[in-house]
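> Here it is, the structure, as structure tokens.
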Amino acid sequence: MDNAIMIGLTRQMTLRRDMDVIANNIANANTAGFKVESLLLENQPARTAEHADGPSELQYVTNWGMGRDFSQGALDFTGRQFDVAIEGEGFFAVDFNGTEQYTRDGRFRTDANGQLVAADGAPVLDADTRAPILLDPSATETLVVDGGVIMQDGQAVGRIGVFEVPNRSLMTKEGNGRYTVANADDPENQPQPAFDPVVRQGYVERSNVESITELTDMMSIMRTYQSVSKFLNDAEDLNKRAIERLGRVS
């Protein structure tokens, strides 16, 4: 295949992938704790097609990863006693089928067993024991104080875990606004309880997606895709005309 067409096709592929990422950002603009994502690209050298002259190597474009902006979203007041939000760094931890997952979504509740759980029923983990937090459903007052300590009728019953991830590049998205950490068994990679975290009771962290920015980027990608499509059509027409001329000459 023609070198120019190959380069154009690889660019179209990354543009389509970029469009998918932006569409996902926009779809999650109202998802609590969601962090905006962006496609990371790199040059990929490759040999050219057979030719008499010109460069011996071309540079194609390909995606090699996903970037995430972990900056904090705005905090919305809900007034619900089990809604909590982290102000600053860190992640909540939940136990999902025996695997620790990390999230900024603090829309918690209690289940039938009195455990503090996430919306899908995954137990929220204690900062000190890394075990589920058991609450007294008959308590008249439940407060979250001092960096996540849960007080029920004046007694401390647990501390909501806020964990810091040493290397966020090792975080893998699992859906529902959650992440796992690769090689978490390694002491250097294992998330550790945050020092003096700030946890706000009755608040939920918003997504940090800027919808206007995402829509602007989407329009820019559409225009670029159209430009690359026109380039490919022009290159194909040029090849056709060259073949027709060669046919007449021969």
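The values are calculated or read from the model by the stated rules, or taken from the named source; none is laboratory data. Just so it is clear, the structure is predicted and the values come from calculations on it, not from any experiment. Cβ placement follows ideal geometry from the backbone for every residue including glycine, while neighbour counts extend to all protein chains displayed. Only protein heavy atoms, including side chains, enter the accessible area calculation; ligands, DNA and RNA are left aside. Shrake-Rupley method; radii C 1.70, N 1.55, O 1.52, S 1.80 Å.
> Using the structure shown, decide if Pro123 is surrounded by fewer than 18 Cβ atoms within 10 Å (Cβ to Cβ) and not hydrophobic (A, V, I, L, M, F, W, C).
Values: surrounded by fewer than 18 Cβ atoms within 10 Å (Cβ to Cβ): no; not hydrophobic (A, V, I, L, M, F, W, C): yes.
Spelling it out, it is not the case that Pro123 is surrounded by fewer than 18 Cβ atoms within 10 Å (Cβ to Cβ) and not hydrophobic (A, V, I, L, M, F, W, C).
> Also, quick follow-up: When the range 202-219 is examined, which residues are found to be open to solvent by 50 Å² or more (accessible area, probe 1.4 Å) and of a type outside the set (Lys, Arg)?
First, the residues of the range 202-219 that are open to solvent by 50 Å² or more (accessible area, probe 1.4 Å): 203, 206, 210, 212-213, 215-217, 219.
If the condition is that a residue be open to solvent by 50 Å² or more (accessible area, probe 1.4 Å) and of a type outside the set (Lys, Arg), then Tyr203, Glu210, Ile212, Thr213, Leu215, Thr216, Asp217, Met219 are the ones that fit.
> Related question: Which residues, counting only those in the range 28-86, are more than 24 Å from Val165 (Cβ to Cβ), among the polar types (S, T, N, Q) and either surrounded by 11 or more Cβ atoms within 10 Å (Cβ to Cβ) or modelled with pLDDT of 70 or more (or both)?
Correct list: Asn30, Asn43, Gln44, Thr48, Gln59, Thr62, Thr78, Gln81.
> Is at least one residue of the range 203-214 under 30 Å from Ile5 (Cβ atoms), hydroxyl-bearing (Ser, Thr, Tyr) and at pLDDT 85 or above?
Of the range 203-214, the ones under 30 Å from Ile5 (Cβ atoms) are none.
No: zero hits.
> Which of the residues that make up the range 169-198 are modelled with pLDDT of 90 or more and surrounded by fewer than 18 Cβ atoms within 10 Å (Cβ to Cβ)?
Going through the range 169-198, the residues modelled with pLDDT of 90 or more turn out to be 171-174, 178-181, 191-198.
Within the range 169-198, Thr172, Lys173, Glu174, Thr180, Gln192, Phe195, Asp196, Val198 qualify.
> Quick check on my filter: what residues within the range 100-116 are of a type outside the set (D, E, K, R) and open to solvent by 10 Å² or more (accessible area, probe 1.4 Å)?
First pass over the range 100-116, keeping only residues of a type outside the set (D, E, K, R): 101-103, 106, 108, 110, 112-116.
Once the filter is applied, which keeps residues that are of a type outside the set (D, E, K, R) and open to solvent by 10 Å² or more (accessible area, probe 1.4 Å), the range 100-116 yields Gln101, Phe108, Thr110, Ala112, Asn113, Gln115.
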